[in-house]
Amino acid sequence: MLKNIYIFLADGILLFDKGWEDLNQDPMLISGFCSALWMFSKQIGGEDFELLKTKRYLILGTSSEKYQIKFILIIDHSDDIDEHIKLLEDIKQDFCSIYREDLEKIKSKEIPIRLNYFKDYSNRINAVIKNHFPNLIPEMVM
């Protein structure tokens, strides 16, 4: 089951987060940690961070090189990885297409960055999730 999603700049600045389960962690800490993983991954192998596996959770990642933003999805360890990777890619495509102009301005430093700058994406993400998981319990996608 979906736990949380984080969208942040490559340097770890959180642009959007949404949680369906309280992981007892500050979203800024998670985005900073994942940003560090991305940088480390690039340095040792030249590739993006894609998966971190713990006993309880899977942390899936993808990025938009064009806008230099990262997308992280936290799911249960037993969930279907392939379906969640497809979901994450659809979220990335949807987010980047909707906020293309703002992302260009952020990238070129024309507008200041605020924590959770894209909090209004919360409603839109529900539709993307429902496309992949139509039987998801409605109260889980708030």
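Only the coordinates and a few stated rules stand behind these numbers; no lab work does. The structure presented is a predicted model; accordingly, all values stated were derived computationally and were not measured. So basically every Cβ, Gly included, is an ideal-geometry build from the backbone, and we count neighbours across all protein chains shown.
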Only Cα pairs within less than 10 Å get springs; with that Gaussian network setup on the chain, which residue of Asp94, Asp26, Asp17 has the largest fluctuation? Asp26
Toy charge model, Lys and Arg Cβ at +1, Asp and Glu Cβ at -1: the chain dipole around Cα centroid in debye, rounded to 20, equals 300 debye
Output the Cα-based Rg and Dmax of the chain in Å, rounding Rg to one decimal and Dmax to a whole number. 14.4, 42
Which is farthest toward the positive dipole end of region 2-140 among Ile7, Ala127, Thr62, measuring Cα position about the Cα centre, with Cβ charges +1 (Lys, Arg) and -1 (Asp, Glu)? Ile7
Once fully extended, how much extra length lies between Lys107 and Arg56, figured as 0.36 nm per residue of separation less the alpha-carbon to alpha-carbon distance? 14.9 nm
Quick one: order Met28, Met1 by neighbouring beta-carbon count within 10 Å, fewest to most. Met1, Met28
Computed over region 2-140, the relative contact order (Cα-Cα under 8 Å, seq sep at least six) in percent reads 25 percent
Loop-located trypsin sites (Lys or Arg not before Pro) in region 50-118, at most 15 other Cβ atoms within 10 Å (DSSP): Lys55, Arg56, Lys66, Lys109, Arg114
